[in-house]
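The values are calculated or read from the model by the stated rules, or taken from the named source; none is laboratory data. Predicted model only: the values in this text are computed from it and were never measured. Neighbour counts run over all protein chains shown; Cβ positions are idealised from the backbone, glycine included.
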Amino acid sequence: MVARDSVAEMDTKELIIERVFDAPRERVFDAFTNAEHLQKWWGPKGVGIGATEFEARPGGKIFFAEHFAGGVNYIAGTVREIERPSRLVFAMHFANEKRERVSPPTHSALGEAWDGEIISDVTFSAEGRRTRVTIRTPRSSVTAEWAKLARLGWGESLDKLDYAIADDMKVAPAGERDIVITRSFNAPRSLVYQALTNPERVKKWWGPRQYGGVSAVGDFRAGGTYRYAQQGPQGEVAFRGQIREASPERMVYTEEFEAMPGHIAVNTVTLDERDGKTYLTLRSVYQSKEDRDAVIASGMEWGARLSYLQLDEVIDSLAKAA
């Protein structure tokens with residue numbers, strides 16, 4: 001996990017943020033420069049990233065759609081310098097969905113008259129198998145108030161990056177009708193089980209965050225039922241089912257996608273705790289090979305991976321409150 005010895009510091013001439021990650025710098029560098037990876041961690045907690053573009057070359061285009069409770073921020077910019085795996089310099093500004101420059105939103109603390117660029121000079125220094133990331137932003141390019149907010153925002157973003165770097169989720173078809181997902185969580189089984197089965201917790205992690213709020217109701221006990229739903233790009237995405245078994249060691253429940261009634265999977269989740277970590281295995285058994293293959297083709301791995309990264313955050317908050 002992350003070393004928090006120098007999370008952030010303020011300088012009179014520049015904002016400096018540092019974080020040490022327990023991963024080789026090539027892996028950390030790729031997390032900063034690959035659009036698929038950036039979508040997993042960019043932005044403070046509570047922000048989900050929709051459209052993502054990052055051309056990892058000098059002059060390459062950058063574009064993010066940051067979804068949050070109050071709406072969407074569009075960010076555009078360019079890559080100024082890139083030297084894999086040691087340095088990245090990029091400049092960004094606020095935009096609209098057409099990528100046209102716009103005035104900063106009021107919550108940015110930059111002021112409507114601001115028309116500059118936010119410059120980030122990122123270095124990646126190898127420290128054995130660990131990597132020190134140092135992010136520098138000239139204070140002349142931003143306001144002091146923005147710098148204070150950026151310190152908090154970068155801190156939460158890098159927390160999310162730490163989860164993404166440690167993500168060991170694997171998804172694989174098995175047999176004729178099965179999908180098996182494995183994933184570890186850096187927390188005891190009791191906290192993982194609570195986050196997986198309490199509807200109020202489920203609302204905070206289920207489904208890609210950029211699609212908005214989640215409706216979650218259920219009674220997670222043998223004989224109980226549940227329903228989770230979220231508005232997706234093509235309308236509501238909702239799943240429901242019945243609980244057959246429920247304990248911190250093992251859960252068995254059915255899962256039915258409401259848009260395709262009658263196509264029911266049986267999910268078995270086991271939670272194995274070792275040395276303070278919890279190892280999850282989820283086996284989904286579908287009614288036919290065609291159903292299984294259609295689920296894989298739907299992009300379920302992307303949605304599950306984002307959801308489990310959000311689950312990391314929920315579990316972490318439970319651990320801090322314990």
Hits in segment 222-237 - residues which are outside any strand (DSSP E or B) and either under 21 Å from THR281 (Cβ atoms) or of a type in the set (S, T, N, Q) (or both): ALA222, GLN234
Which one of these does ASP272 not meet: (1) touching a helix residue (DSSP H, G or I) at 6+ places or on another chain (Cβ under 7 Å); (2) touching a residue at least 60 places away in the same chain (Cβ under 8 Å)? (1)
How many residues of segment 274-303 are out of contact with any Lys or Arg (no Cβ under 7 Å at 6 or more places or on another chain), closer than 27 Å to SER190 by Cβ and either part of a loop (DSSP other than H, G, I, E, B) or at pLDDT 95 or above (or both)? The answer is 9
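For the subset of segment 54-87 comprising residues that are farther than 15 Å from GLN310 by Cα and under 16 Å from the mean Cα position of the chain (by Cα), which member is surrounded by the most Cβ atoms within 10 Å (Cβ to Cβ)?
Taking the candidates together, the pick is PHE64.
Could you count how many residues in segment 20-48 are acidic (Asp, Glu) and more than 19 Å from TRP302 (Cα to Cα)?
Looking only at that region, the number is 2.
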Note on GLU258: of the conditions (1) more than 30 Å from PRO24 (Cβ to Cβ); (2) surrounded by 14 or more Cβ atoms within 10 Å (Cβ to Cβ); (3) acidic (Asp, Glu), unmet is (2)
Flag for PHE90 being surrounded by 15 or more Cβ atoms within 10 Å (Cβ to Cβ), at pLDDT 95 or above, not aliphatic (A, V, I, L, M) and not assigned by TED's automatic domain parsing to the domain that holds PRO208: yes
Return the pairs, sorted by first residue and then second, in which the second residue is in a loop (DSSP other than H, G, I, E, B), the first residue lies in segment 247-261 and is charged (D, E, K, R), the beta carbons are less than 8 Å apart, and the residues are 6+ apart or on different chains. GLU256/GLY262; GLU256/HIS263
Here are THR254, THR182: which of them is touching a Gly at 6+ places or on another chain (Cβ under 7 Å), of a type in the set (Val, Ile, Thr) and part of a strand (DSSP E or B)? THR254
Give me the pairs, please: first residue somewhere in segment 62-74 and over 12 Å from ALA51 (Cβ atoms) and in the same structural domain as HIS37 (by TED's automatic domain parsing), second residue anywhere and crowded, with 19+ Cβ neighbours inside 10 Å and at pLDDT below 95, beta-carbon distance under 6 Å, and either six or more positions apart or on two chains. PHE68/VAL47
Looking at SER288, SER298, SER247, can you tell me which residue is surrounded by fewer than 19 Cβ atoms within 10 Å (Cβ to Cβ), among the polar types (S, T, N, Q) and under 20 Å from the mean Cα position of the chain (by Cα)? SER298
Kindly check whether there is at least one residue in segment 101-119 that is in contact with an Asp or Glu (Cβ under 9 Å, 6 or more places away or on another chain) and within 22 Å of ASN34 (Cβ to Cβ). no
Across segment 141-158, which residue is farthest from ASP312 (Cα to Cα) among those that are in contact (Cβ under 8 Å) with a residue 12 or more places away in the chain and small (Gly, Ala, Ser)? SER141
When segment 53-103 is checked residue by residue, the ones that are among the polar types (S, T, N, Q) and outside any strand (DSSP E or B) are SER86, ASN96, SER103
Every residue from segment 10-39 that is assigned to a helix (DSSP H, G or I), among the hydrophobic types (A, V, I, L, M, F, W, C) and more than 16 Å from the chain's Cα centre (by Cα): PHE29
Among residues of segment 23-36 being in contact with a helix residue (DSSP H, G or I) (Cβ under 9 Å, 6 or more places away or on another chain) and modelled with pLDDT of 95 or more, the residue nearest to PHE124 (Cα to Cα) is VAL28
Of the listed residues (ARG240, ARG209, ARG183), the one being touching a residue at least 24 places away in the same chain (Cβ under 8 Å), among the basic types (Lys, Arg), within 21 Å of SER284 (Cβ to Cβ) and buried (at least 18 other Cβ atoms within 10 Å of the Cβ) is ARG183
Across segment 104-120, what is the total count of residues that are farther than 30 Å from ARG27 by Cα and either of a type outside the set (A, V, I, L, M) or assigned to a strand (DSSP E or B) (or both)? 10
